[in-house]
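These notes concern the structure reproduced below.
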Amino acid sequence: MTHPRRLPSLAVLAGLLLLLSPGSAPAALATPAAPAEEEMGFFITPQVKRFLRSHTSYQFGDPENPNLNPISRLEFPLNSWWAGVNLGLKGPSNSLELELLAGLPGQDDLGAMRDSDWTDPNRPGLRTIYSETTTKLKESFTLDAKVTHSVGQALGLPGWLDLRPLMGVRWQRFVFTGGPGMQQSMVYQGGQPTYDQWEYLSLPEDTFWFRQEYLHAYVGAQIAADLGRLGLGRPGGGWRIGVQADLAQVWGENRDRHLLRGERKTEERTQGYAWHAGLSLRAPLWDRGALVASGDYLIIRTSGEHRWTQPEEEVDETWDYGVEVWSRQMSWSLALEIEF
């Protein structure tokens, strides 16, 4: 048995945000002081986002039966609507941005949570228990803070092309509740599996409460093209297409309350990586405004420790065998950028 790692606290998150400020970034990536002639303007961007074909999942093995890996897997849908705002400071060479989004309340059409168990050590590939449960999104938030610095001029790139290294932190908090649903279980006779007989159980309204958090510290780059200088509108008129790619170190934490099993709780604390790619198109609406459409693809993979506690049965166990947490997030968003 091992002791679970601790997810970095809000104090650590605050420290990372301080590191992102132009005055305190590491020397290798520090944003140099803006030249006197550069003006940093404030902007605010209300936006809506839609996740599609997205999920977040976890699984673990049985350390006492190594061939049972996984022994349990849970998959939560993320197909949901979000809204929020992106704001910050932006100039020709530097930018500082903060995006905050919240899952819209009352969403109960995300899809089904899938819970699978493989409990027969003689046939580890046979799924012995399977359930699907209606899933609801509760108090869920995402935060993304980043700084960028343009190096296009220093590298001698053409005037219509801009390259910006970036660094940032990204935090995600998902909360799900489930029910009603249906469970299928293999029938046992005399303590032995029948392999061909199944029983079905209707699940009530409240079957689980699940919270998952990810904290990313990432580095990457943005590249953008001024479409006006390529023939779309007037040069410098605001038509731009951009691509962002970044790679992150990730810390994760899960908390799962099994509401049909008394005080049973499970937790996972994990570390790993994430990679993200995004594509955006900016279309000017007026001198200080633009419509921005974008699409994003994010993959997260982590591993670590699983803890199972059940006080009424005096259970408190922790292991790291087969513990994996992962997420795939595809989304599109539409935003209205307003400059001041």
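Things worth noting here:
- Across all directions, the shadow cast by the convex hull of the range 268-340 built on its C-alpha atoms averages 8.2 square nanometres.
- Each Lys or Arg adds one and each Asp or Glu takes one away; over the other residues whose Cβ falls under 13 Å from the Cβ of SER140, this sums to +3.
- The chain, helix-only ellipticity at 222 nm - DSSP H runs n ≥ 4, -39,500 (n - 2.57), divided by all residues, nearest 500: -1000 deg cm²/dmol
- The percentage of C-alpha pairs in the chain whose separation is greater than 24 Å is 62%.
- GLU39/ARG257 FRET efficiency (R0 56 Å; Cβ-Cβ; nearest 0.05): 0.60
- Taking the fewest neighbouring Cβ atoms within 10 Å as the starting point, the ordered list for TRP82, TRP332 is TRP332, TRP82.
- Each part gets one Cα centre, and for the range 118-134 versus the range 171-207 those centres are 10 Å apart.
- GluC sites (Glu not before Pro) within the range 94-164, DSSP loop, no more than 15 other Cβ atoms inside 10 Å: GLU139
- Reach of LYS49 by Cα under 30 Å, taken over lysines that are not fewer than 8 positions away in the same chain: LYS90, LYS136, LYS138, LYS146
- Other residues lying with their Cβ under 10 Å from the Cβ of LYS49 contribute a combined charge of -1, Lys and Arg counting +1, Asp and Glu -1.
- The order of TYR188, TYR218, going from fewest to most other C-beta atoms within 10 Å of their C-beta, is TYR188, TYR218.
Bear in mind that the values in this text are calculations on the coordinates, not laboratory data. No experiment lies behind these values; they were computed from the predicted model shown. Neighbour counts are summed over all protein chains in view; Cβ atoms, including those assigned to glycine, are modelled from backbone coordinates with ideal geometry.
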